[in-house]
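This report concerns only the one structure given below.
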Amino acid sequence: MQAACQCRRASLRVRPRIMIPLVMDAGELRLLRRLTQETAEAVFRQDGDGGGYEFGAMIETPRAALLAGEIAEVCGFF
């Protein structure tokens, strides 16, 4: 929060990139995306900022690598 205030005073626009580690499949990532979105919206409301962020996943397991096409439909970057 303090960093966001400092950036606002300096007229900087911050766009965080949130990456979820150890993703196994698209279903799991959908759940985590919903929880992340709810949390981000609450923080943005509290901070008074419309905010914005990118949502991604870390492909670290063989299963995730095999399902990367499905996972890509849920996130914006790997």
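For Arg30, state whether it is at pLDDT below 75, of a type outside the set (Val, Ile, Thr) and over 10 Å from the mean Cα position of the chain (by Cα). Please lay out each step first, then the result.
On the way: at pLDDT below 75: no; of a type outside the set (Val, Ile, Thr): yes; over 10 Å from the mean Cα position of the chain (by Cα): yes.
Spelling it out, it is not the case that Arg30 is at pLDDT below 75, of a type outside the set (Val, Ile, Thr) and over 10 Å from the mean Cα position of the chain (by Cα).
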key: Positions within region 42-62 being surrounded by fewer than 12 Cβ atoms within 10 Å (Cβ to Cβ) and either within 15 Å of Arg17 (Cα to Cα) or among the basic types (Lys, Arg) (or both), in sequence order   = Arg45, Gly52
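Name the single residue, out of those in region 63-78 being aliphatic (A, V, I, L, M) and in a loop (DSSP other than H, G, I, E, B), that is surrounded by the fewest Cβ atoms within 10 Å (Cβ to Cβ).
Leu67
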message = Six or more apart or on different chains, Cβ atoms under 7 Å: show the pairs whose first residue is in region 62-78 and closer than 12 Å to Met24 by Cβ and whose second is β-branched (Val, Ile, Thr) and not in a loop (DSSP other than H, G, I, E, B).
response = Ala64/Ile71
ask   = Only one of these conditions is not met by Leu12: (1) at pLDDT 80 or above; (2) out of contact with any helix residue (DSSP H, G or I) (no Cβ under 6 Å at 6 or more places or on another chain); (3) assigned to a loop (DSSP other than H, G, I, E, B); (4) aliphatic (A, V, I, L, M). Which number is it?
value = (1)
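The values are calculated or read from the model by the stated rules, or taken from the named source; none is laboratory data. Computed from a predicted structure; not experimentally measured. As a convention, Cβ positions derive from the backbone with ideal geometry for all residues, glycine included, and neighbour counts pool all protein chains shown.
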